[in-house]
Amino acid sequence: MKKIFLTAVLAASALTIANAKTYDIIVSNTTKAGSVELKAGEYRLKVDGSNATFTSVDSSKSFTTPVKVENSDQKFDQTKIETTKDGDQDRLQEIDLGGSHTKLGF
């Protein structure tokens, strides 16, 4: 009985990992995202609970920062980032996740 339960748990966790959605974003300038600084470039974004992980496509380095996950009434057609200028650096304010009703606040 324990083997069946363990197999079911492993299968369920494998499905969760396989279904983890990533989003591609491009940062055109050095940008502060929560507590991390992202250099200009392309990133893959993965949300895990209240954390966002940005992985650089060029270097494969990952950066994780806390986010506020919110649901919107509208479904976003595409992934879009909103930034503001903070001195000479951009600051990430929000990311709307394409194909979902989810937005991330920083």
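Considering only residues that are under 14 Å from Tyr23 (Cβ atoms) and exposed (fewer than 11 other Cβ atoms within 10 Å of the Cβ), which ones fall in segment 67-90?
Scanning segment 67-90 gives Asp77, Gln78.
How about segment 53-62: which of its residues are part of a loop (DSSP other than H, G, I, E, B) and under 15 Å from Val36 (Cα atoms)? Full working, then the answer.
First, the residues of segment 53-62 that are part of a loop (DSSP other than H, G, I, E, B): 57-61.
Of everything in segment 53-62, just one residue is part of a loop (DSSP other than H, G, I, E, B) and under 15 Å from Val36 (Cα atoms), namely Lys61.
What number of residues within segment 29-46 are part of a strand (DSSP E or B), touching a strand residue (DSSP E or B) at 6+ places or on another chain (Cβ under 7 Å) and either loosely packed, with under 11 Cβ neighbours inside 10 Å or not hydroxyl-bearing (Ser, Thr, Tyr) (or both)? Reasoning before the result, please.
Residues of segment 29-46 that are part of a strand (DSSP E or B), as a first pass: 31-33, 36-38, 41-46.
Now drop any that are not touching a strand residue (DSSP E or B) at 6+ places or on another chain (Cβ under 7 Å), which leaves 31-33, 36, 38, 41-46.
Narrowing the set further to residues that are either loosely packed, with under 11 Cβ neighbours inside 10 Å or not hydroxyl-bearing (Ser, Thr, Tyr) (or both) leaves 32-33, 36, 38, 41-42, 44-46.
Residues that pass the stated criteria total 9.
Just the residues that are out of contact with any His (no Cβ under 9 Å at 6 or more places or on another chain), not charged (D, E, K, R) and not in a strand (DSSP E or B), please, taken from segment 63-89.
Of everything in segment 63-89, those that are out of contact with any His (no Cβ under 9 Å at 6 or more places or on another chain), not charged (D, E, K, R) and not in a strand (DSSP E or B) turn out to be Val67, Gln78, Thr79, Gly87.
Could you check how many residues of segment 90-106 are in contact with a Gly (Cβ under 7 Å, 6 or more places away or on another chain) and part of a loop (DSSP other than H, G, I, E, B)?
1
Values in this text are rule-based calculations from the coordinates and carry no lab data. What you are looking at is a predicted structure, and each value in this text was computed from that prediction instead of being measured. Here Cβ is always computed from backbone atoms with ideal geometry, including for glycine, and neighbour counts include all displayed protein chains.
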